[in-house]
Amino acid sequence: RRLLLSQLFQPHNLQAGGDAGWGGGAGEPACRSQKLMLQGGLIHPSGPGCYYYLPPTVRAMEKLVKVMDEEMRAVGGQKLNVPSLSSAELWRTSGRWDQMGPELFRLVDRHGKDYCLGPTHEEAVTELVAAQSSLSYRQLPLRLYQVTRKFRDEPKPRFGLLRSREFYMKDMYTFDTSEAAARQTYDLVCDAYRSLFDRLGLPFVKVRAATGSIGGTVSHEFQLPADVGEDRLVMCPDGHFAANVETLNEEQMSCPTCGEKLTQTRGIEVGHTFYLGTKYSSVSNAVFYSPENKPQLAEMGCYGLGVTRILAASIEVLSTEDSIRWPSLIAPYQICFIPPKRGSKEEEEGAAWLERVYDDLTEALPHLASDLVLDDRTQLTIGKRLKDANKLGYPYVVIAGKRVCDNPPVFEVWNQNTGEVLFLTKEGVIELLSKVEVP
């Protein structure tokens, strides 16, 4: 069954020019990704810092999570799910009930018990591991992760999905037998994050960071340099050193390795890693039994990736002012087909040939079957539909234009990421698209 654009629940608002109709509230600061996602029918505001994610966004998210799952499995990650509703007792025991302050969404149940909606899950996962009373050193390392909704009562939610109050995150919690083993795990997960951002084609930088309310002794952030970023970063021009300025003293303006003057930029934090030591395992008594059958505290790390933030940040750094560009791997749909305009001399023959390409492509490349969209708004010109396709960021657009009546028929194929236009037969289209990767 062909997927028709007219049946997609994606209410476009793709007016030309300026901020017309982008949907922001009066006086609300806007950034490129927020405007493009609202205009493209990818998100819809429901309240301060909360959004409906529309079907194309959910598709992109699911693809991104698949890529994360691949990278987490490659480092021995095991996926679980932790309740969003977290007992205040857990947080009081670790000291973070008061430390986190108004950032926690707090609630009281009908029995008068205090809870919060989890912004992060160090306490909960450590309690789960501590409940395994006969954990052996042979079962470590444990690398447990989840992808779930998180909640933070942001004082000033802004910039769409870049700083919201309800969001999706991938968080991993690791348990090792020694500090040396935990630091090995730390390096391994950092490498997995590097691999993820490389696969997405995102220009990230790993910087030294403060440990903040999570705690621990070592911390790094993965940042996407962007003018709209809320973090100030300094970097050595030769790549020897990079840090969030919050970790530096005022005097440090040169690279500690080579002495070069540090350059400044702004960044969007999309990942954060922490070596925790025994901060949480000592509170919950999360122990394992050594080869000598002695209980020892597990050495821990925690690792976060902002799922919805990566989506918005990638649009922020890859797109133009009026056209979305996705990391190709996670574009909601890979290919948009544009048949001739209604009433044109190519209409009948062109539509039939384009549908044949659609069907043959589905048969030849079944992994792409759900990634094809047919723009059936044939009352609009090809040019108008191509412009919309460009704004929505489909990596490939296949058009039945004037040459569709040639013998053999020739299709116009736009590669949106390179700006290249090719003229290909049906076989050429299928061969080109056989190289498209989806998770």
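The values are calculated or read from the model by the stated rules, or taken from the named source; none is laboratory data. Values in this document were obtained by computation on a predicted structure and should not be read as measured data. Note that we place each Cβ from the backbone using ideal geometry, even for glycine, and neighbour counts take in every protein chain shown. Surface areas here come from the heavy atoms of the whole protein model, side chains and all, with no ligands, DNA or RNA. Shrake-Rupley method; radii C 1.70, N 1.55, O 1.52, S 1.80 Å.
The portion of the accessible surface of the chain made up by carbon and sulfur, rounded to a whole percent, is 49 (1.4 Å probe; DNA, RNA and ligands excluded). Under Stokes-Einstein, with the Kirkwood radius over Cα pairs as Rh, the value for the stretch 149-245 at 20 °C and 1.002 mPa s is 137 µm²/s. Cross-link partners for K156 among the lysines, with Cα-Cα distance under 28 Å and sequence neighbours closer than 8 places in the same chain left out: K35, K170, K206.
Binning all Cα-Cα separations of the chain at 20 Å, short to long from zero, yields these whole-percent fractions: 23, 48, 25, 4, 0. Each peptide among 217-229, 65-77, 246-258, 393-405 gets the average number of other Cβ atoms lying within 10 Å of its residues, and from highest to lowest they stand as 393-405, 217-229, 65-77, 246-258.
Under 17 Å from a label point set 7 Å out along the Cα-to-Cβ vector of E260, the amide N atoms of the stretch 206-232 belong to 206-208.
Place the peptides 95-102, 157-164 in order of packing, highest mean first, counting for every residue the other Cβ atoms within 10 Å and averaging per peptide.
On the way: 95-102: 14.1, 157-164: 23.1.
Packing proxy ranking, top to bottom: 157-164, 95-102.
For a quick protection proxy, order the peptides 106-114, 324-332 by their average other-Cβ count within 10 Å, most packed first. Before the final figure, lay out the partial values.
Numbers: 106-114: 9.8, 324-332: 22.6.
Answer by packing, highest mean first, reads 324-332, 106-114.
When the convex hull of its Cα atoms is viewed from all sides, the stretch 333-434 shows a mean projected area of 5.7 nm².
So which lysines can K426 reach, going by Cα to Cα under 28 Å and dropping same-chain residues fewer than 8 places off? Straight-distance partners of K426: K63, K341, K345, K384, K387, K391, K402, K435. Taking the helices alone, the chain has a mean residue ellipticity at 222 nm of -8500 deg cm²/dmol, built from -39,500 (n - 2.57) per DSSP H run of at least 4 residues and averaged over all its residues. Per residue, how many Å² of accessible area does the chain show with a 1.4 Å probe? Heavy-atom SASA per residue in the chain reads 45 Å².
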